[in-house]
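For reference, the structure is listed below as C-alpha cells.
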Amino acid sequence: MTALLELKDIRRSYPSGDEQIEVLKGVSISIEAGEMVAIVGASGSGKSTLMNILGCLDKPTSGSYSVAGVDIAALSGDELATLRREHFGFIFQRYHLLSHLNATQNVEVPAVYAGTARVYRQQRARALLMRLGLAERVDYLPSQLSGGQQQRVSIARALMNGGQVILADEPTGALDSHSGEEVMATLKQLREQGHTVIIVTHDPLVAAQAQRIIEIRDGEIISNPPAVKQATKPKDENTSRPPISAIQQLFSSFREAFSMAWLALAANKMRTLLTMLGIIIGIASVVSIVIVGDAAKQLVLEDIRAIGTNTIDIYPGKDFGDDEPQAQQALKYADLEAIERQPWVASATPSISSNLRLRYGNVDAAASVSGVSGHFFNVYGMTLSQGTAFNDEQLAGRAQVVVLDNNSKRQLFPNKASVVGEVILVGNMPATVIGVAEEKQSMFGSSKVLRVWLPYSTMASRVMGQSWLNNITVRVKEGYDSQEAEQQLIRMLELRHGKKDFFTYNMDSLLKTAEKTTRTLQLFLTLVAVISLLVGGIGVMNIMLVSVTERTKEIGIRMAVGARASDVLQQFLIEAVLVCLVGGALGISLSLLIAFTLQLFLPGWQIGFSPMALLTAFACSTATGVLFGWLPARNAARLNPIDALARE
Ligand code: ADP
Ligand code: MG
C-alpha cells in the first residue's frame, strides 16, 4: 500500500543574487494516513519550505511528491487548489485569520470556496467553534480574541472541509505555554479521530508529543524513524456536504464574493469614498449631459416647430445676397395666384419689406414695414391682442390699414391702451390701425425692432410703387410632405419663368440643421463626460492596485485555504464593480439634484429622467469597474500563495 504522502528526493532552491541557494537538499519521507509526525530543526533549516511543499502551496524544484498515489506535478493550479481545500488544513504560527471577518466567517472561508450551501456552512462553523471551546466567541473579530483563541479559530478553519491532513507550522510558537498545551491537546484529539497531523516545531517538548519525530538540519533529513502503522481507523466524522446544483453554486459564489467585497470596502471607508468620488463625478456628468442635453434639444426644436415646419419660403435671385436688380424682380403677383391655386397649398403669403418712418402726432420712429396677406399671422403663429388681421376685401381694395406690433404700439402710443382706429403715417401714406400683433416669445429673446404690416397690395402699389414681391411664404396643407411640395413648387415656378431665378428655403431643413447641431454638441459634451469617467476609472484602478499590494497576505491566506486563482480574480473584479456601481448610484442622485436645481432656475425646460439615462449610467459604471478592475484583479490572481503569505 502506498503511503498517504510520499516525498522522493525533493529539492527546493531559491534564487539569491546570481546564484541559487538550495534550501531542501534531497528530502525523502513518507507519511502514513493517521500518523502524528513532528518535524523538528533549527530556525532556517527549511521546515517551512518543506511544509509548504507538503501542503501543495509550493512546488519542489526537483524530485517527486505524490498524495495518495497521485503525482502532484501533473496537477493544474485549480486541481492543487482543490487538494488544499478538500484534503489539507493549514495552521500557521501567526494564525493568519482574515482581520475583517469574524470567527465564524473565518472558519467558513474554505467552505465558501468549496461551494457549500450557506446554512450548512454556518451550522458547521459554529459547531466546530463550539467543539473547540469558542461557543461564546463566534461573532468576535480576530482582534478581539487572544492568541490561543485565534489559533483555535484557525484549527476550526483547517477542519471546515474535513481537513484529512492537518499541517501545523509552529502552531504553538506565538502562544504562552498554557494555550500551547491546549492547542497540542486539540491536535492529539484530532489524530485520535483519524486525521493525519504534521507539526513543524523547534520545541522538543512539543515534538515529544508526536509518535514520530523527523529531524531536519540545513535542508537535509538527519533522523527519520519508520512510519508508525496505524490501526486504520476510519474517520468518524461525517464531512459529506449536501449537494447543491450548479446554478445554486454559481449564485452563491457570486453572493459570497459580493458580501466579501462589501466587507473589504467597508473596512476602508474613507478611501472607498474618495475612490468613488471620481466615479460619482463621471457618472453624474454623463447622466446630466444626457438629460439636460435632451431637454435643451427639445426646447430648440419646439421653438423651431412653433414657427412652422410646413412652410416654404420663396425668394428671388440665386441665393441670399444676390442683389442683381433683374433677379430681385423675379416674383410677381401672378406667381402668387398660381401658387394659391395648387391643391396642396393651405395659404400663400407674399411679403414686400422696406424700412420706413412711422409718425403719429409728434412721435417719429423708424420701422420695418412688410406688405403681407391676412394669412401671414396665421402662418407664423402670431396672435392679435387687439383688432383683426387684413381681410380679402382690404387686400383687393389696397386699403390703407396697418397692423402694429407691440414695440411700435408702445413707441407711438405710450399712454393709450386701445389703439384700433387711430390713424398713423406709414412713410407718407396715412393708414388706420386695425390690429396689434402679439410677438411670440422665443428662446432667442424678444426683438427691439419696430415692425408693422400692411396689406401687400397696398404696400406694393401705394407705398413702394413696385410690381414684384420680395418673397412668398407658402404654407403646405397638413399631411402633405413639405419636401415633395418644395420640389413641385420649384418645377412649377421654373415652368412659369422659363428659368430658375428664385430659390426656396424650407423650415424643415432648418429643423434638420438644428437637430444635427444639437446632436453634435451633445456628442461632444458626452465625450467630455466620458473622459471624466475614464479619469474616475483610472482612480479606481490605482486604488485597486494599492489594495492588492496591501492585501497580498489576505490573498495568500485565501489561496492556502483553497481559493482558485479565478476566485481571487472574481473577488477583486467584483470589488471594483461594486465601487463603481455604488459610485454610479450616487452619481445618478447627484445628477438628479443638478437637474432639479436647473429646473428651478430655467422654467420651461422639460427635464425628464429617461430610463435610457439610468441604463447608460448602469452600463457605464459596470463597464468602468470591469475595465479598470481587470488589471489589479489579474495581478492578485497571479500571486504565488507562498510569496503572498511570506509578505507580512
Ligand atoms: P524554517 O521554517 O526552518 O525556519 P524556512 O523553510 O522558512 O526555514 O527557510 C529556510 C531557508 O530558506 C532560510 O535560509 C530562508 O532564508 C530561505 N528562504 C525561505 N523562503 C525563501 C524565499 N521565498 N526566497 C529566498 N529564500 C528563502
Ligand atoms: Mg518556519
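The values are calculated or read from the model by the stated rules, or taken from the named source; none is laboratory data. In this text the structure is predicted, and so the values were computed from the model without any measurement. A quick note on method: Cβ atoms are made from the backbone with ideal geometry, for glycine too, and the neighbour counts reach across all protein chains shown. Heavy atoms of the whole protein, side chains included, go into the accessibility calculation; ligands, DNA and RNA do not. Shrake-Rupley method; radii C 1.70, N 1.55, O 1.52, S 1.80 Å.
General remarks:
- With Cα atoms, 0 to 90° folded angle of helix 482-497 axis to the chain main axis: 30
- Helix 118-131 axis versus longest C-alpha principal axis of the chain: approximately 30°, rounded to the nearest ten.
- Were the residues from Ala174 through Tyr120 laid out at 0.36 nm apart, the gain over their Cα-Cα distance would be 16.2 nm.
- Among beta bridges identified by DSSP and lying wholly in the chain, the antiparallel ones come to about 65 percent.
- One quarter of the surface of the convex hull around the alpha-carbon atoms of segment 5-243 equals 13.4 nm², the direction-averaged projected area.
- Proximal lysines to Lys47, defined as alpha-carbon separation beneath 17 angstrom and excluding residues fewer than eight positions away on the same chain: Lys8, Lys25, Lys59
- Global form of segment 402-522, assessed from the alpha-carbon gyration tensor, a/c cut-off 1.5: oblate
- Principal axis box of segment 1-146, alpha-carbon based, largest edge first, Å: 49, 36, 28
- Taken about its Cα centre, segment 331-500 carries a charge dipole of about 480 debye when Lys and Arg each add +1 at the Cβ and Asp and Glu each add -1 at the Cβ.
- Viscosity 0.890 mPa s, 25 °C: Kirkwood-radius Stokes-Einstein D of segment 331-500 over Cα pairs, µm²/s: 146
- Anchor Lys297: lysines whose Cα lies under 22 Å away (excluding residues fewer than 8 positions away in-chain): Lys440, Lys512, Lys516
- A simple spin-label model places pseudo-atoms 7 Å from Cα toward Cβ; at Asp71 and Gln488 they are separated by 9.0 nm.
- Which of Pro414, Gln483, Ala366, positive extreme of dipole for segment 331-500 (C-beta unit charges): Ala366
- Residues of segment 498-520 with amide N under 17 Å of the 7 Å Cα→Cβ point at Ala334: 498-502
- Estimated FRET transfer efficiency (Lys25, Ser64; beta-carbon r; R0 22 Å; 0.05): 0.90
- Spacing of the two label points (7 Å from each Cα toward its C-beta) at Gln144 and Ala417, in nm: 8.1
- Within segment 260-360, the trypsin sites (Lys or Arg not before Pro) that combine a DSSP coil assignment with at most 16 other C-beta atoms in a 10 angstrom radius are Lys318.
- Segment Lys512..Ser610, full-extension length gain: 33.0 nm, with 0.36 nm per residue of separation and the alpha-carbon distance subtracted.
- Spread over its residues, the convex hull of the C-alpha atoms of segment 459-597 is 265 Å³ per residue.
- Other residues whose C-beta falls under 13 angstrom from the C-beta of Gly604 contribute a net charge of -2, scoring Lys and Arg +1 and Asp and Glu -1.
- Under DSSP loop assignment and at most 11 Cβ neighbours within 10 Å, longest chymotrypsin sites (Phe, Trp or Tyr not before Pro)-free interval of the chain: 1-319
- For a label point 7 Å along the Cα-to-beta-carbon line of Ala42, residues of segment 180-213 with backbone N under 14 Å: 202
- Modelled spin labels at Ser589 and Ser259, positioned 7 Å past Cα toward Cβ, are 2.4 nm from each other.
- Rounded to 10°, Cα long-axis angle of helix 147-159 versus longest principal axis of the chain: 80
- Judged by the ratio a/c of the largest to the smallest principal axis of the C-alpha gyration tensor, segment 317-418 counts as oblate, that ratio being 1.5 or greater while a/b is no larger than b/c.
- In terms of Cα atoms, the Rg and Dmax of segment 333-388 work out to 15.0, 49 Å.
- Whole-number accessible area per residue in Å² for the chain, which is evaluated in the context of all protein chains at 1.4 Å: 47
- On the chain, 57 percent of the accessible area sits on carbon and sulfur atoms, based on a 1.4 Å probe.
- Over the C-alpha atoms of the chain, the Rg to Rh ratio, Rh being the Kirkwood estimate, stands at 1.37.
- Proximal aspartates and glutamates to Lys448, defined as alpha-carbon separation beneath 13 angstrom and excluding residues fewer than eight positions away on the same chain: Asp405, Glu439
- Three-way shape label, segment 63-141, alpha-carbon gyration tensor, a/c 1.5: prolate
- Each DSSP beta bridge with both residues in segment 331-500 is either parallel or antiparallel, and the antiparallel ones are about 75%.
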